[in-house]
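Note sheet for the following structure.
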Amino acid sequence: MITARDLAFSYRNGGNTLSGMSFTLEPGHCLALLGNNGAGKSTLLKCLNRILEPQSGVVEVCGLDVRELTRNRIAKRMAYVSQHNCAARLTVFDSVLLGRKPFIKMNPTEDDLRITESAIDRMGLRDYTLRYTDELSGGELQKVVLARALAQQPHVLLLDEPTSNLDLCNQHEVMKLVSGIAKADHIAVVIVIHDLNLAARYCDRFLFMKNGTVYQYGDSSIITDRLISEVYNIPARVTEIAGRKLILVE
């Protein structure tokens, strides 16, 4: 579980980027952070695991105050996947094994290797194990990065726009994998995402941000024509097809 209470953060060269940010996400749920560019979504994500230090407020993971944890202890509980991931001259196996770094003291143990192999299998990357990551497509590389995060065995998974620059098929495949991981591993997943329809299909909690604050937070019942129009400043219509919400921009 992750809880944020009254988080506030501002950059030195700007005003208040975040203020009064509060929410709680239980294990097994997938939360979409939504809002226009500049709303503070990525900044919030980085404040949750102290990549950025909030000026005030508290973040707790499994009842522990993140401010009191070392970077290594945070990495044992929270995995973060940034928006931009560069390929390196590493094999897929070695790249995923890096996710075990917080747990490795001298050399990888048999348990570290087993966990790495399991993460590779779950992402469907078994045939790519010895391929170099700089030879992979964007979708394949994204799965490697997710596998590395899974190898950390986190309680909370933080993803910053995991579907950006992916084709339609890979967008759905990645989101389906992430949604399944939240339920199967009983972890809390927080995703910054721009595609409202992808979010509505694969997430079950939604936090809409506007001007650095929580505009509305809840399950899919909060997604309405009025909310979308107010947050994005554009006319929209929310309808339902085959039991799924669909957001249409007018």
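None of the figures in this text is laboratory data; all of them are computed from the coordinates on show. Being a predicted model, the structure only gives us computed values, none of them experimental. Glycine gets a Cβ as well: all are built from the backbone with ideal geometry, and neighbour counts include every protein chain shown.
Inter-part distance, region 120-143 to region 45-105, computed on C-alpha centroids, equals 21 Å. Between ASP219 and LEU90, the modelled labels are 3.9 nm apart [label points 7 Å from Cα along Cα→Cβ]. Would the chain count as rounded, prolate or oblate if I go by the C-alpha gyration tensor, calling it rounded below 1.5 in a/c and otherwise prolate when a/b exceeds b/c, oblate otherwise? Cα axes put the chain in the oblate bin. Taking Cα atoms only, the orientation of helix 168-184 departs from the longest principal axis of the chain by about 80 degrees. Taking label positions 7 Å along the Cα-Cβ direction at both ASP167 and ASP134, the computed distance is 2.4 nm, reported to one decimal. Taking Cβ atoms as reference points and 12 Å as the exclusive limit, the residues near ASN36 contribute a net charge of +1, counting Lys and Arg as +1 and Asp and Glu as -1.
Shape call for region 88-213 from the C-alpha gyration tensor, a ≥ b ≥ c root eigenvalues: rounded (a/c under 1.5), prolate (a/b greater than b/c) or oblate? Here region 88-213 falls in the prolate category.
Peptide packing: for 65-72, 119-126, the average count of neighbouring Cβ atoms within 10 Å per residue gives the ranking 119-126, 65-72, highest mean first. On full extension, the segment bounded by VAL58 and THR109 gains 14.9 nm, given 0.36 nm per residue less the C-alpha separation.
A cut-off of 5 Å between modelled amide H atoms, ignoring neighbours fewer than 5 places along the same chain, links MET209 with LEU34, GLY35, TYR215. Please label the shape of region 58-138 as rounded, prolate or oblate, based on the square roots a ≥ b ≥ c of the eigenvalues of the alpha-carbon gyration tensor (a/c under 1.5 means rounded; beyond that, a/b larger than b/c means prolate, else oblate). Verdict is prolate for region 58-138. Go ahead and set up a Gaussian network model of the chain, Cα springs under 10 Å, then flag whichever of ILE115, ILE51, ILE187 fluctuates most. Result: ILE51 has the largest fluctuation of those listed.
Have a look at LEU130, LEU246, VAL192 and report the one farthest towards the positive end of the charge dipole of the chain, computed about the Cα centre with Cβ charges (Lys/Arg +1, Asp/Glu -1). In the chain, that residue is VAL192. A Gaussian network model of the chain, with springs between Cα atoms under 10 Å, assigns the largest mean-square fluctuation among VAL96, VAL81, VAL190 to VAL81. Computed from Cα positions, the angle between helix 110-122 and the longest principal axis of the chain comes to roughly 50 degrees. Centre-to-centre separation between the Cα atoms of region 206-237 and those of region 164-180: 23 Å. Between SER10 and ILE234, the simple spin-label model (points 7 angstrom out along Cα→Cβ) gives 3.1 nm.
Taking the Cα centre of the chain as origin and assigning +1 to Lys and Arg Cβ atoms and -1 to Asp and Glu Cβ atoms, the resulting dipole is close to 460 debye. Computed from backbone phi, the HN-Hα couplings of region 72-79 come to 5, 5, 5, 5, 7, 10, 9, 10 Hz, rounded to whole numbers (Karplus: 6.51 cos²θ - 1.76 cosθ + 1.60, θ = phi - 60°; Gly and Pro given as x).
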